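The values are calculated or read from the model by the stated rules, or taken from the named source; none is laboratory data. Everything numeric here is computed off the predicted structure, so don't read it as measured data. Here the Cβ positions follow ideal geometry from the backbone for every residue, glycine too, while neighbour counts run over all protein chains shown. With ligands, DNA and RNA removed, areas are computed over all heavy atoms of the protein, side chains included. Shrake-Rupley method; radii C 1.70, N 1.55, O 1.52, S 1.80 Å.
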Amino acid sequence: MKLLKTLSLLLILSLTSVVHAQYPESKLDWKLGTQAFTFNQFTFFEAVDKTVASGLKYIEAYPGQTIGGGIEGKMEFEMPKEKRKAILKELKKRGVTLMAFGVVVPDSEEKWRELFEFAKDMKIKSITSEPKPEDLPFISKLCDEFKIKLAIHNHPNPSRYWDPNIVLDAIAGLSDRVGACADVGHWVRSGLDPVECIKKLDGRIVSLHFKDLHQQAKDAHDVPWGTGVSNIKGIMQQLAIQDFEGLFSVEYEYKWENNVPEIIQSVAYFRKQVESIKAE
């Protein structure tokens, strides 16, 4: 029995070592995946395959994308339970985990509850949204009831949550499961310093939509991470200081038909910075 336990422990340690080597960010409890909107010219399962081709195993789905993979319909939280099971089965086959869903904004308490039921069935960890402020107390209760996080996303100024101070005011007094989905590219488009924004949201960041932009302007486009003005390295260092644990979603909104090569370049840069952070 002791030998069996020892062998089991050695196997676990060996597998953990392999995971850390292939996905070094896991040692920081970081999960690097894609936001399926990156591949909005394709079906959801084509997005899944492109995620795998990018060296990643996590994905954030968005509403309205055609499912594909032999499954009819679109990625909507109103889908029947059998379709939910079919999607999870197909994801498991491809070795990809569905981590989040959004940006989605239900228009009633009934629909919000339906969304949380969907998230529970799909084993989703967080919902990305830009909810009406008056809905937040109800959503906060759903977060605690379902043990699922809500991540408030920021589009550029003049959208509702463009400034992190607005997000902090909105979530004050709510469940700790209500926080921010930090879209660092949209902060740059709004003329904000993303590192300073991350500092302000210390402890309340649920997930990130990660982008590097070629310039600080409203019409700026994505470039491979580390080559633009978003200060990706500085953001990562600040998140490490905060002991952030959670999802980074690659949201590469450029070269829509063939952006995988630049995503692979971005992933390589990210992992190089992770190794540097770990060494420090």
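General observations
- Mean accessible surface per residue for the chain, computed with a 1.4 Å probe while every protein chain stays in place, in Å²: 47 Å²
- ³J(HN,Hα), Karplus 6.51/-1.76/1.60, whole Hz, each residue of the range 130-143, x for Gly, Pro: 10, x, 5, x, 5, 8, 4, x, 5, 4, 4, 5, 5, 4
- Of the accessible area of the chain, computed with a 1.4 Å probe over protein heavy atoms only, carbon and sulfur atoms account for 53 percent.
- Here each label is just a point 7 Å from Cα along the line to Cβ, and for Lys89 and Lys255 those points are 3.8 nm apart.
- ³J(HN,Hα) computed for each position of the range 95-108 - Karplus, 6.51 cos²θ - 1.76 cosθ + 1.60, integer Hz, glycine/proline x: x, 10, 10, 7, 9, 8, 9, x, 7, 9, 9, x, 10, 7
- Cα centroid separation, the range 35-54 to the range 136-191: 25 Å.
- Each Cα pair under 8 Å and six or more residues apart adds its separation to the average, and for the chain the resulting relative contact order is 18 percent.
- Using C-alpha pairs below 8 Å separated by at least 6 residues, the relative contact order for the range 180-246 is 35 percent.
- Once the Cβ-Cβ distance of Glu78 and Lys272 is raised to the sixth power relative to R0 = 41 Å, the FRET efficiency obtained is 0.45.
- The residues Thr128, Thr66, sorted by heavy-atom accessible surface at 1.4 Å with ligands and nucleic acids left out, run Thr66, Thr128 from largest to smallest.
- Full-stretch length increase - Lys200, Asp243 - with 0.36 nm per residue and alpha-carbon distance subtracted: 14.0 nm
- Among the trypsin sites (Lys or Arg not before Pro) in the range 180-280, those placed in a DSSP loop whose Cβ has at most 16 other Cβ atoms within 10 Å are Lys218, Lys255.
- Short to long, the 10 Å bins of the Cα pair-distance histogram for the range 107-185 hold 19, 54, 26, 2 percent of all pairs.
- Ellipsoid semi-axes in whole angstrom, largest first, where each is sqrt(5λ) of the Cα gyration tensor of the range 189-239: 19, 12, 9
- Extent along principal axes [Cα atoms of the chain; Å; largest to smallest]: 60, 44, 41
- Extreme residue, positive dipole direction of the chain, given options Phe244, Val195, His214 (C-beta unit charges): Phe244
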